[in-house]
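Report on the following structure.
The values are calculated or read from the model by the stated rules, or taken from the named source; none is laboratory data. Treat the numbers as computed from the prediction; the structure is a model and nothing was measured. Ideal geometry is used to build each Cβ from the backbone, glycine not excepted, and the neighbour counts take in all protein chains shown.
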Amino acid sequence: MPRYLAFLRGINLGRRRLKMERLCELFVELGCTGVETFIASGNVIFDDRARDPLKLAVKIEKHLAARLGYDVDTFVRTHAEVAALAALRPFARADMEAPENTVHIGFFGAPLPVAQARSLAAMRTATDEFHVTGREYFWLCRGIKSHESKVWASPALRALKLPSSSMRNLKTIRKLAELYPG
């Protein structure tokens, strides 16, 4: 049975507080097995017979909305996809290894159109750099805490009208790939 990871947007932020035990129960209600969560931020590891991660994401989103009373954007990846992302090094080695920098991975539901992907990758500042690959993007934030970056509020980035995504620190993705092998 395939091993999946679901990245849920906005769990345990603001008024969307949810105990991880309850989140696991919601996945079990869907027929998922081997359900676990990793840190309390909407990372769910599970097995499911489904062969199409996109259809599985829609199924999970509908179930969560019905049971929780609010929408939860859901991005499902196979363990192999997460392991490949954990191994990818899209930026210069010095940037990837500098302890003062952070790298995040953002998950989209579908690949960005080519023009939009190029525009996002072109959003470079002295602090910020992006790399787009498939249904994901990598964001390098140099020398400051990611919440201090001004790039997300910039008119140019807002003008891109990116679809919903959910971001995780690369360290979290590497731990998930290591701790929950497929």
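Within region 94-182, which helices (runs of 4 or more DSSP H) (wholly inside it) include 1 or more residues that are over 24 Å from residue 5 (Cα atoms)?
By residue number, 114-121, 155-159.
Residue-wise test of (1) touching a Ser or Thr at 6+ places or on another chain (Cβ under 8 Å); (2) farther than 21 Å from residue 159 by Cα; (3) of a type in the set (A, V, I, L, M, F, W, C).
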site	(1), (2), (3)
60	yes, yes, yes
69	no, yes, no
83	no, yes, yes
87	no, yes, yes
98	no, yes, yes
115	no, no, yes
120	no, no, yes
129	no, no, no
132	no, no, yes
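Kindly provide the set of residues from region 117-172 that are within 19 Å of the chain's Cα centre (by Cα) and of a type in the set (S, T, N, Q), ordered by number.
133, 146, 149, 164, 165, 166, 169, 172, listed by residue number.
Could you tell me whether residue 168 is modelled with pLDDT of 95 or more and under 18 Å from residue 9 (Cβ atoms)?
Yes; evaluated as a whole, the condition is true for this residue.
Among the candidates 102, 172, 127, 74, single out the residue that is in contact with a Cys (Cβ under 9 Å, 6 or more places away or on another chain) and under 18 Å from residue 41 (Cβ atoms).
102 is the lone residue from the list that is in contact with a Cys (Cβ under 9 Å, 6 or more places away or on another chain) and under 18 Å from residue 41 (Cβ atoms).
I want to confirm something. Restricting to region 61-78 and keeping residues that are over 20 Å from residue 111 (Cβ atoms) and in contact (Cβ under 8 Å) with a residue 24 or more places away in the chain, which single residue is surrounded by the fewest Cβ atoms within 10 Å (Cβ to Cβ)?
So, considering only residues that are over 20 Å from residue 111 (Cβ atoms) and in contact (Cβ under 8 Å) with a residue 24 or more places away in the chain, the one surrounded by the fewest Cβ atoms within 10 Å (Cβ to Cβ) is 70.
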